[in-house]
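The values are calculated or read from the model by the stated rules, or taken from the named source; none is laboratory data. Please read all numbers here as calculations on a predicted model, not as lab measurements. Cβ placement follows ideal geometry from the backbone for every residue including glycine, while neighbour counts extend to all protein chains displayed. Surface accessibility is based on the protein's heavy atoms, side chains included, excluding ligands, DNA and RNA. Shrake-Rupley method; radii C 1.70, N 1.55, O 1.52, S 1.80 Å.
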Amino acid sequence: MGMGIEVRNRMARRAAEEISPGMVVNLGIGIPSLVPNHLPEKTRVMFHAENGIVGMGKSPEKGYEDENLCNAGGFPVTVMAGSSYCDSAVAFGMIRRGRVDLTILGSLQVSKKGDLANWIVPGKKVPGMGGAMELAQKARKVAVLMNHSDKNGASKIVQSCTLPLTASECVDMVITDLAVFKIIDGSLILSELFAPHTITEVTEKTACDFTIDENIRIIEY
């Protein structure tokens, strides 16, 4: 089931809270691409794209797209003052050397211990794994933004992934349309709820057990 733009923006706004000034951040396609729109105006961050941009800005307004500027998913972007361009080899070199502080990406499934499956549904056509495997293994922090349930209503947070893995035990946090989970030492912890959703609802819609942070936060925005 798809999500409305208000829900997607709420998730992107929460993900933006994980970004500190001076970071190098890689964004996946879809909901993660909305994250720059929710940063404070003076926050200086270098957004990285595997196709060779370091320093992406907010999404361009409709009608002001530059056909020569796009992210790794082919979607139009803007660039900030001080941005730079490179080829894909250098962009991936940055990832492999651990220069990316945070990657925010989508997923098909995440297991309770942090396994990531985000690149293929068997039997479906896909363009390839892309940079997800490298980012999941080498970024200093991995945050996933995804629907809590798939189009059939099944939980995308699972005991063990049934889809081919992108990388194992790499995810640090998961932000869904219902809640925020942290994964610490292989344990899944419910740390935040998006109002008006409840712990009972999240429990019913999650296909594995988890612990609940005693200081759980309720997100009102």
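May I ask what percent, to the nearest 5, of DSSP beta bridges between residues of the chain are antiparallel?
Working: 20 of 40 bridges.
Here the antiparallel bridges make up roughly 50 percent for the chain.
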The chain - percent relative contact order, Cα under 8 Å, separation 6 or more: 17 percent
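What order do TYR221, TYR85 take when sorted by accessible area (1.4 Å probe), most exposed first? Don't skip to the answer; put the middle values down first.
Numbers: TYR221 70, TYR85 140 Å².
Highest to lowest solvent-accessible surface, that is TYR85, TYR221.
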The stretch 20-116: projected area of the alpha-carbon convex hull, averaged over directions, in nm²: 7.1 nm²
Lysines whose Cα lies under 18 Å from that of LYS42, excluding same-chain neighbours fewer than 8 positions away: LYS58
Förster-model FRET efficiency, 30 Å R0, THR198 and GLU17, C-beta, rounded to 0.05: 0.85
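How would the stretch 119-195 be classified by its alpha-carbon gyration tensor: rounded, prolate or oblate, with rounded meaning a/c under 1.5 and the a/b versus b/c comparison settling the rest? Please report the intermediate quantities before stating the final value.
Values: a/c = 1.89, a/b = 1.22, b/c = 1.56.
It comes out oblate by the Cα gyration axes.
Using square roots of five times the C-alpha gyration tensor eigenvalues, list the equivalent-ellipsoid semi-axes of the chain in whole Å, biggest first.
Working: eigenvalues 154, 77, 55 Å².
Sorted largest first and rounded, they come to 28, 20, 17 Å.
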Area accessible to solvent at ILE189, 1.4 Å probe radius, in Å²: 40 Å²
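Compute the Cα gyration tensor for the stretch 1-67, then decide on rounded, prolate or oblate, letting a ≥ b ≥ c be the square roots of its eigenvalues: rounded whenever a/c is under 1.5, prolate when a/b is larger than b/c in the other cases, and oblate in all that remain.
Details: a/c = 1.57, a/b = 1.16, b/c = 1.35.
Oblate.
What net charge do the residues around LEU178 carry, taking every other residue with its C-beta under 12 Å from that of LEU178, with Lys and Arg at +1 and Asp and Glu at -1?
Values: positive: ARG10, ARG14, LYS156, LYS205; negative: ASP177, GLU192, GLU201, GLU204.
Taking every other residue near LEU178 into account, the sum is 0.
Given only helices, namely DSSP H runs of n ≥ 4 each adding -39500 (n - 2.57), what is the per-residue ellipticity at 222 nm of the chain, to the nearest 500 deg cm²/dmol? Present the calculation step by step, with values, prior to reporting the outcome.
Details: 4 runs with 34 residues, N = 221.
Counting only the DSSP helices, I get -4000 deg cm²/dmol.
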Top positive-direction residue, dipole computed over the chain with Cβ charges, set THR200, VAL25, HIS38: VAL25
Pairwise FRET efficiency - TYR85 versus THR162, Cβ, R0 = 45 Å, nearest 0.05: 0.70
Ranked packing of 113-123, 168-178, most packed first, by mean Cβ within 10 Å: 168-178, 113-123
Label-point gap, in nm, between ARG44 and GLU65 - each point 7 angstrom along Cα→Cβ: 3.2 nm
Dipole magnitude of the stretch 1-140, debye to nearest 20 (Cβ charges: Lys/Arg +1, Asp/Glu -1, about Cα centre): 520 debye
Under 13 Å, Cβ to Cβ, from PRO164 - net charge with Lys/Arg +1 and Asp/Glu -1: 0
Prolate/oblate/rounded label for the stretch 180-219 (Cα gyration tensor, a/c 1.5): oblate
